[in-house]
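Written below as structure tokens is the structure these notes are about.
The values are calculated or read from the model by the stated rules, or taken from the named source; none is laboratory data. The shown structure was predicted, so the numbers you read here are calculated from the model rather than taken from an experiment. Every residue, glycine as well, gets a Cβ built from its backbone with ideal geometry; the counts of neighbours run over all protein chains shown. Accessible surface areas use protein heavy atoms only, side chains included; no ligands, DNA or RNA. Shrake-Rupley method; radii C 1.70, N 1.55, O 1.52, S 1.80 Å.
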Amino acid sequence: MSVNVDGKKVLLIDRTIPEILKCNTKIEPQLLLAFANHLHLAGADLIEIDRSILDYLGYDIDPRRLIFRIKGQEDLEVLESYKFAYSLVGCKPCNGHLLQCLKHHNHVPIILEIESEELACLSDCLKGVDFDGIDTIRLQGLNKYQIPEWIELISWIRDNFKVKTDVCPGNLFHLAVAAVYELILSTNRPDFATVSFTGIGGSQGYAALEEVVMALKIIGRVEVTAETRIFSDLSHRYKNICNFSISQRKPVIGKNIFRVESGIHADGLIKNPLLYEAYEPEMVGLKRDVVIGKHSGTSAIGEKLRQLGREEKKESMSIILEKIRRRSIQLKRNLEDYELLNMCGG
Amino acid sequence: MRLKIIDTTLRDGEQQAGLALGIDEKIAVAELLDSLGVFQIEAGIPAMGGDEKKSIEKIACLNLKSRISAWNRMSIKDISHSVDCGVDIIHISVPSSDLHIRTKLSKNEEWVLEEMRKCIRFAKENGFIVNVGMEDASRARMDFLVRICETAKDEDVEMVRYADTVGVLNPVRIAADIANLKRTGIELGIHAHNDFGMAIANTLAAVRAGAGFADCTVSGIGERAGNCDFYDLIHATEGMLPGFKYNKKVIKEKQRGILKILDYC
């Protein structure tokens, strides 16, 4: 998708696939390949993989859209045959020789990944590194970092090491989406931001791709080329291949996020949907659903009954409303259409 | 100032489609929230009448340590129901964005300020502490938000809540808005929604900028993508706010109890 803000591009890197395969290695390769292609349509410019994923997918994927993680000497051979967009290596003492070898494959730009929770540890990690030949530093973790600390950190990296930056905040404290969003819209924006679909990623998670894309589009009013309508489809594919559930309230993709019951809000939505929704549900492949329950008002009930082909007199609405409230409390849920019709005399 | 938690599980949380609590259940949830030590429990909407009003009356009679508030539209008729309930605090929701004022109400800003004054005076004449909520503040003009805060200050309102009604805030924006509104001298609160996954970050940014009250719900329940999650907020503030301490283990345990009552997994 590449986010273009004031003439500068920020590329979104997605690392969903390695995270999925950590949890489930019995996925049909064709399904995973289709999922990868959908991630690309949904806004991921680059997809992170490693050699085991490449073996799994059967090398049937465009390498120019891939970031290849180097884990060992044997991975270097793959670099000879495929023109990946970037190679990625972790900044660890044991990877020193590997990094030197990688620099000899200088046709593939190198991203050096540094994982840290504190700035002091980050500085220590960077001390021994020879930055000659390194294209980008990925800053991973820093779970508790907020704005403006992140912005100061990026300036510090740029000023001291003259490299590009990739931010990959951990989501342990639910701050990752905000960090990525604010950084992309800041004047000192990074070159890359690394995210994952639903925010999947070990115990801490990452910024959710779909939340970042929609926040940029709706709040930031940034022109994004991602096909946001496929988010719903992507979440079905994700559930099918991983067997993971997605919370019904998950921002952007939760199946109930456009389900409305409150009388005040349902009434407002009838007048103008934007009163109580930031964007139209269709924009993310979902539909609005006004349901009737304890919090419904006479206006929403009247509208629902009209949709079901029934007209009720105004004077009988308060009786129906009270019946609905009592029944809904009894059932501890909203009412189904047939239950509503039965309540109104069939 | 120490951060004060306002739990709105029984009002905004229960507005999540499919949740419906009866009198006994609402009382049980209020007791669990009180045992957690939340500063204020927003108990519901008395103007709904019936069991909802009765449940708020009963919660107000429990003599809990948490202060009990009731949510109202900007209408004296609605506020009269809250007066009947005998709560500690009457919360008045004031439409603040052009979209809400003109599309929903077909009114103008002067009308809003005038009605707001009338409603505050009515509640105060009846002996209540008043909080004002600026509905849809994140899509409102700053100059009008300042006028609401100034009017509230003139009328001796205890606190004004900045409501991100459709969840379109970001941390940089809310920090700037809270800093601006603080200049009016009124105490401020933040009510964040999680539509883009930023409710915790926005609440923290508002608190860092000077908001003294933060709204949340148990497990983040609420309309659409929900509200600021109580447990997650406590987790994120650890070590950040001197003197602000909750026992996370106890929150988890009580949260389980509340979700069981809500029949929500």
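Worth a mention:
- Selected residue (criterion: surrounded by the fewest Cβ atoms within 10 Å (Cβ to Cβ)) from residues of the range B:164-187 that are under 23 Å from residue B:235 (Cβ atoms) and of a type in the set (A, V, I, L, M): B:172
- Residue selected from the range B:46-91 under the condition of a type in the set (S, T, N, Q) and more than 14 Å from chain A (Cβ to nearest Cβ), by the criterion most open to solvent (accessible area, probe 1.4 Å): B:63
- Tally of residues being at the interface with chain A (Cβ under 10 Å from one of its Cβ atoms), surrounded by fewer than 17 Cβ atoms within 10 Å (Cβ to Cβ) and not in a loop (DSSP other than H, G, I, E, B) across the range B:212-260: 1
- Picking from residues in the range B:131-149 that are under 14 Å from residue B:182 (Cα atoms) and among the β-branched types (Val, Ile, Thr), the one that is most open to solvent (accessible area, probe 1.4 Å) is B:146.
- Answer residue from the range A:212-247, given it is aliphatic (A, V, I, L, M), in contact (Cβ under 8 Å) with a residue 60 or more places away in the chain and within 14 Å of chain B (Cβ to nearest Cβ) and is nearest to residue A:6 (Cα to Cα) among those: A:222
- Just one of the listed residues (B:150, B:109, B:115, B:155) is touching a helix residue (DSSP H, G or I) at 6+ places or on another chain (Cβ under 6 Å), more than 20 Å from residue B:69 (Cα to Cα) and more than 14 Å from every other protein chain (Cβ to nearest Cβ), and it is B:109.
- Of all the numbered requirements in (1) at positive phi; (2) buried (at least 20 other Cβ atoms within 10 Å of the Cβ); (3) in a loop (DSSP other than H, G, I, E, B), residue A:198 misses one, and that requirement is (3).
- Test set (1) open to solvent by less than 30 Å² (accessible area, probe 1.4 Å); (2) in contact with a helix residue (DSSP H, G or I) (Cβ under 8 Å, 6 or more places away or on another chain) - residue A:185 fails condition number: (1)
- Hits in the range B:28-45 (condition: within 14 Å of chain A (Cβ to nearest Cβ), buried (at least 19 other Cβ atoms within 10 Å of the Cβ) and on the phi < 0 side of the Ramachandran plot): B:29, B:45
- Count of residues meeting criterion [open to solvent by less than 20 Å² (accessible area, probe 1.4 Å) and either modelled with pLDDT of 95 or more or within 8 Å of another protein chain (Cβ to nearest Cβ) (or both)] in the range A:279-300: 7
Residue-by-condition table, conditions (1) over 13 Å from the mean Cα position of the chain (by Cα); (2) assigned to a loop (DSSP other than H, G, I, E, B):
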| site | (1), (2) |
| --- | --- |
| B:10 | no, no |
| B:21 | yes, yes |
| B:26 | yes, no |
| B:38 | no, yes |
| B:71 | no, no |
| B:78 | yes, no |
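- In the range A:85-108, the residues that are in a loop (DSSP other than H, G, I, E, B) and either out of contact with any Lys or Arg (no Cβ under 6 Å at 6 or more places or on another chain) or in contact (Cβ under 8 Å) with a residue 60 or more places away in the chain (or both): A:91, A:92, A:105, A:106, A:107, A:108
- Taking the numbered list (1) touching a strand residue (DSSP E or B) at 6+ places or on another chain (Cβ under 6 Å); (2) facing another protein chain (nearest Cβ under 8 Å) in turn, residue A:178 passes all entries but (1).
- All positions within the range A:134-150 that are at pLDDT 90 or above and open to solvent by 30 Å² or more (accessible area, probe 1.4 Å): A:135
- Given (1) β-branched (Val, Ile, Thr); (2) modelled with pLDDT of 95 or more; (3) open to solvent by 40 Å² or more (accessible area, probe 1.4 Å), number of the condition residue A:225 does not satisfy: (2)
- Enumeration of residues in the range B:86-115 that are hydrophobic (A, V, I, L, M, F, W, C) and in a helix (DSSP H, G or I): B:99, B:101, B:111, B:112, B:113
- For the range B:166-201, the set of residues classified as facing chain A (nearest Cβ under 7 Å) and out of contact with any Cys (no Cβ under 8 Å at 6 or more places or on another chain) consists of B:166, B:167, B:168, B:170, B:171, B:172, B:195, B:196, B:197, B:198, B:201, listed by residue number.
- Selection of the range A:317-342 for residues being touching a strand residue (DSSP E or B) at 6+ places or on another chain (Cβ under 7 Å), more than 7 Å from chain B (Cβ to nearest Cβ) and not in a helix (DSSP H, G or I) yields only A:335.
- For the range A:301-346, the tally of residues that are open to solvent by 50 Å² or more (accessible area, probe 1.4 Å) and touching a residue at least 40 places away in the same chain (Cβ under 8 Å) stands at 1.
- Options A:250, A:271; residue that is closer than 30 Å to residue A:217 by Cβ, within 12 Å of chain B (Cβ to nearest Cβ) and under 30 Å from the mean Cα position of the chain (by Cα): A:250
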